[in-house]
1. Mind checking the angle between helix B:7-17 and chain B's longest principal axis? C-alpha axes, 0 to 90 degrees, to the nearest 10.
2. Return the equivalent ellipsoid semi-axes of chain A as a descending list in whole Å, where each equals the square root of 5 times an eigenvalue of the C-alpha gyration tensor.
3. Determine the per residue accessible area of region B:145-303 with all protein chains present and a 1.4 angstrom probe, expressed in square angstrom.
4. State to the nearest 20 debye the size of the charge dipole of region B:260-404 about its Cα centre, where the only charges are +1 on K and R beta carbons and -1 on D and E beta carbons.
5. Give the Kirkwood hydrodynamic radius (Å, one decimal) of region A:222-269, defined as one over the mean of 1/r across all pairs of different Cα atoms.
6. Find out how many positive minus negative residues lie around B:V110, taking Lys and Arg as positive, Asp and Glu as negative, among other residues whose Cβ is under 13 Å from that of B:V110.
7. So how long is each side of region B:53-119 along the principal axes, counting just the alpha-carbon atoms, biggest first, in Å?
8. Report the antiparallel proportion of the DSSP beta bridges in the protein assembly as shown as a percent, rounded to a multiple of 5.
2 protein chains.
Amino acid sequence: MHNPVTLTEIRAARDLLARITRTTPLTWSRPLTDQVGGEVWFKCENLQRAGSFKVRGAYVRIHNLPEHERARGVVAASAGNHAQGVALAATLHDVPSTVFMPEGAPLPKVAATESYGAQVCFAGTTVDDALIAARDYAERTGAAFIHPFDHPDVIAGQGTIALEILEQCPEVNTVLVGLGGGGLLAGVATVFSALRPETRVIGVQAGAATSWLPSLAAGEPVSIAGMATMADGIAVGRPGELPFEIVRECGVEVRTVSEEAISRALLLLLERNKLVVEPAGAVGVAAILESVERLKPPVVAVLSGGNVDPLLLLRLIRHGLSSAGRFLSLRLRVPDRPGALARLLLEIAAVDANVVDVEHGRMAPNLAIGEVEVALTVETRGPSHAATVLKRLREAEYRIESAQ
Amino acid sequence: MHNPVTLTEIRAARDLLARITRTTPLTWSRPLTDQVGGEVWFKCENLQRAGSFKVRGAYVRIHNLPEHERARGVVAASAGNHAQGVALAATLHDVPSTVFMPEGAPLPKVAATESYGAQVCFAGTTVDDALIAARDYAERTGAAFIHPFDHPDVIAGQGTIALEILEQCPEVNTVLVGLGGGGLLAGVATVFSALRPETRVIGVQAGAATSWLPSLAAGEPVSIAGMATMADGIAVGRPGELPFEIVRECGVEVRTVSEEAISRALLLLLERNKLVVEPAGAVGVAAILESVERLKPPVVAVLSGGNVDPLLLLRLIRHGLSSAGRFLSLRLRVPDRPGALARLLLEIAAVDANVVDVEHGRMAPNLAIGEVEVALTVETRGPSHAATVLKRLREAEYRIESAQ
């Protein structure tokens, strides 16, 4: 197969986007630089307009529609970044847009898509249902269907990120890119194949939702089911036809990361880099955290988007604190006597840990008369400090039912 | 009084910092641009090394110490950004640093300060206690005491931010800067007085902790007590002597913002700009949100730091969702019959709101036999959607005990 997306087209897309999208900053990571033993940078597409790289491809796609097609408006199906990217790109062209979302799509994403000017319609309960409704709408009304990844113009738009990376870090040797349908990876791989083939481009999927590994093994896109990952933005059941061919032709490597690593990556980005990134946008960072071999520096990880529901953010911070060993949840039993809880809390204070939550109950199963159950959440400095807390309590002969 | 900090010194500080600190990005805000009716930008010092602007002043101060003083190390007292700024600045000079913190300082700040190379010592329970211990340590050991704001070198370092703002947005007409001891504001005011006096510089304090308004009224720094603000980074009980004189001489205006506006600002920055900012770093944005007159654009608000404890972040997100009307907490009573809770939840689903939390109890005071109390947390699209939920429940004759 001949790659239908050329460097010339990606450069033309870059010129087109010059006054439309932001040249997002490259920001340095000290802890990952220490880990890798050479410079690690993040390409901050979470700071892109509409919160992700998606506006790049959508803008190029809509721009290249013939005038008479554009006049009939555009339609897309998405519960995420593509929705906002299409809405903004269409509005910038003064083109009406309709976005189909499944019922139950996160309310902030609905509100954001509307605020960028799209009409939001609900259909079914999955993105696939919404997709059918969107295609049906396109047929009925003549609106142009904007696919999230399987189109050369979309891939050319996303590829502009790679041109920016090459300007910002010309000597880059490793690039990590999140991988769902494959539009972003295909664009990035095309640029590096043409301009700096010695750079290793790695596509990263969530291990709990990888359609690319079986597809690459089979030599063609295959569909998978059951995608239980927090990285919903890249939980795509089947690689795009065109991205698949391009990624295969460029010989791009694909790897997966655990949910645990994604959480740790999100917390690192929040705490150290002060950046809000969505789970799908953090898989490249997760891959650095989990890498068993040395990645050749300079390394650039693309933070593809930042559109995370605040409610998910709440859970992520909580989960991240736990998995970094910073939250210790304990269940233990104490005598039902005045002062018993106070004594327990003094033990914890003695090893300098903060109690953030206490629950005290008499309803646990198998509780002896004269015993109460206490559930504590304690903030610690990390795993070794958490171990110190547990040791202290065991030495004081507390009976710990569970600790995590 | 003659301003002891000159533009020449601030320019020299800029040259000194060129390879040390980041030229942090200026990022555009669409919602505030819409509100103000002209461009609004954020100066992202939360993306500065060590998470805030403090490293600028600390670096210049330590650099300018005579060699023999530097050799004895430096000492500071802080539970926040100054601690990390001094630790990093000292380590960059290969100078040992000691930071005194009050017992109970947030563990992540302790860990971060240590990770930048400082030795952390605990003293007393307030920053004032730590300050006494630090001064005492300086006398005993000959270490140089690094004041967080009341020194010309520190002010010169912080002023370099204003030079960057003028390069990034030369036509800026309004600058909003958070105000604690006054080091940052004094530096910024000095630059604008010299280079662009037509720019209006506004210092912003938390209304719950303003020492500057009474000080300006009295014509000299006065001390206040009782500082119940979430913006702990600028809860300084008394303006610095030198910053006070400079701010007064430059005729800088000082205003205050509510805690509510700070929460809304933090949520806006998180959700729309994907930026983690600490409460003290968001007061400029809060001032734009609360401004009753039109601020002349272009407006630049300095996001002075991003070092927020993840636990505080959890509370902020939760609080922000509530105050944006996105979280509706309800308490109501339902009959203690099978299906009663299900019917209640169906009513809420019918108006398209997400239930995020349900508590169901039989222990509330004054509960009739045959009644249970239900506490619900519901996610809505905003205040009008929340009103729709309440209306629907009232129409279905639910007895709502409280709603907020």
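The values are calculated or read from the model by the stated rules, or taken from the named source; none is laboratory data. Predicted model, so just to flag it, every value in this text is computed and none were measured. Virtual Cβ from ideal backbone geometry, glycine too; neighbours counted across all protein chains shown. The accessibility values were calculated without ligands, DNA or RNA, using every heavy atom of the protein model including side chains. Shrake-Rupley method; radii C 1.70, N 1.55, O 1.52, S 1.80 Å.
1. Once rounded, the angle reads 70 degrees.
2. On the way: eigenvalues 405, 127, 63 Å².
Semi-axes, largest first: 45, 25, 18 Å.
3. Numbers: 4710 Å² over 159 residues.
Value for region B:145-303: 30 Å² per residue.
4. With Lys and Arg at +1 and Asp and Glu at -1, about 280 debye.
5. 12.7
6. Values: positive: A:R326, A:R381, B:K109; negative: A:D352, A:E379, B:E103, B:E114, B:D309.
Around B:V110, the surrounding residues sum to -2.
7. 35, 23, 16
8. Numbers: 49 of 105 bridges.
Once the DSSP bridges in the protein assembly as shown are tallied, antiparallel ones form about 45 percent.
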